[in-house]
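Student: Before I ask anything, here is the structure I am working with.
Every read-out reported here was derived from the displayed coordinates using simple, explicitly stated rules and does not represent laboratory data. None of the values given here were measured: they were computed from a predicted structure. Don't worry about glycine lacking a Cβ; one is built from the backbone with ideal geometry, like all the others, and counts go over all protein chains shown.
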């Protein structure tokens, strides 16, 4: 799976695997380098995800035909 | 006396009388409220409930039929003070009049607490509070679901906490009445809708209030709704000190609605922190590996080939010198022969031309020497480049590594000699098998030698 398509949870799970693999005694230097490189890519992918969300506040209702729909909700910040 | 007015008296049968009494009672008291204390409670076959309602001086037989006692939020017990609604009727078979209860509830806060305790015990037995059933709150909820009352202070509190602590979030709110009739049902529906819509976490929230105010979150219906929800649920009801059944069933309890917002946001910050930790750990591990490989490399470099390449080169130099010497010898002989010839033809040829040719021959010999030497140092250089491959091979050929991969090695029993060919195994011979975790002795039964596809015994 391409890193860009991975969900946050999947990326974190893969990162944990990489740590476990890197901790293995018998891993070769070349493999270590490859895992490390992959790990760095994954963690920056995660950091990007952490920072990219934009604020959206919506209300969930059911339309007449019973479908779940959302509409933007204006919430004043005072009070 | 009976015939005083010559009117025949109406003579009832017992059945008739009880029937008429029943009609009169049922029409006379079709819908009444009755308050009293429960005694002589009897749950017949786990269907209908029979009990007396009494006060200090009097009592009345009461019955709560199955269809009316199925969805009760509390358990009827001896001595419980209740308010019941129903009508009066007669059980004709016995001529007993009784109060048919259609709705019943405990009276006073004490009773609410009791109902709360009873439901808590029941759900605990059902395993609703099991830590094993609790779902993990996602690390990064892309969509945060919130079931609360739109326009309440709770919603504003949650949004302002979210805004203060994080740059961006997607909050999806489902409006519910958090109090009053039907609110339990509303809350359950909201949980279902948000989960169905695909939020990553559901927060159910309302502000503080009395036990009655919070009652919608203390029903078995809401408990079941939370328990069955596939999306993790955070319960954020009331103040710090308020505990509701929803709090116990939810995957996470937030002391207040603001805390619920913090739980969702703190997870994000923690995640950023743990990412940095993960990076540091990966770096540490890689550096460890590099150090370890470096040691191996140093060990190899320490060996003669790399430490004193000059001695190796010297050896080659001797060979090269030898070659050079022989080249000179051969050339010398050639030169001798040429000289011989030369002597014969010398008088006929110009001396200068000859000495020029001799000089160029010497030059060629010198060049050859240089080429041989540079070839040797080139080979030594190449060897250095192959260290990584060597390291790899070392790993692969380590006997322990081979055994760890599941292979075994067979030795002769008497001597420490590896048997690698069937030809060296004779029937009845005793062999030693070395495996990853020990050794065993065995006897050869028979053997098959493979030769170009044919088998020979």
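Student: If I take R0 = 41 Å and measure r between the Cβ atoms of residue B:425 and residue B:291 in this structure, what FRET efficiency does the formula 1/(1 + (r/R0)^6) give, to the nearest 0.05?
Tutor: Values: r = 45 Å, r/R0 = 1.10.
According to the calculation, E is roughly 0.35.
Student: For the pair residue B:29 and residue B:93, how long in nm is the line joining their label points, each one 7 Å along Cα→Cβ?
Tutor: 2.2
Student: Once both labels are modelled 7 Å past Cα along the beta-carbon direction, what's the residue B:359-residue A:34 spacing in nm?
Tutor: Placing both labels 7 Å along Cα→Cβ, they lie 6.2 nm apart.
Student: Moving on. Please work out the FRET efficiency for the pair residue A:7 and residue B:443, using the Cβ-Cβ distance as r and a Förster radius of 51 Å; give the result to the nearest 0.05.
Tutor: 0.30
Student: Kindly state, to the nearest 0.05, the FRET efficiency for residue B:45 paired with residue B:417, given R0 = 60 Å and r defined as their beta-carbon distance.
Tutor: Efficiency computed from Cβ-Cβ geometry: 0.10.
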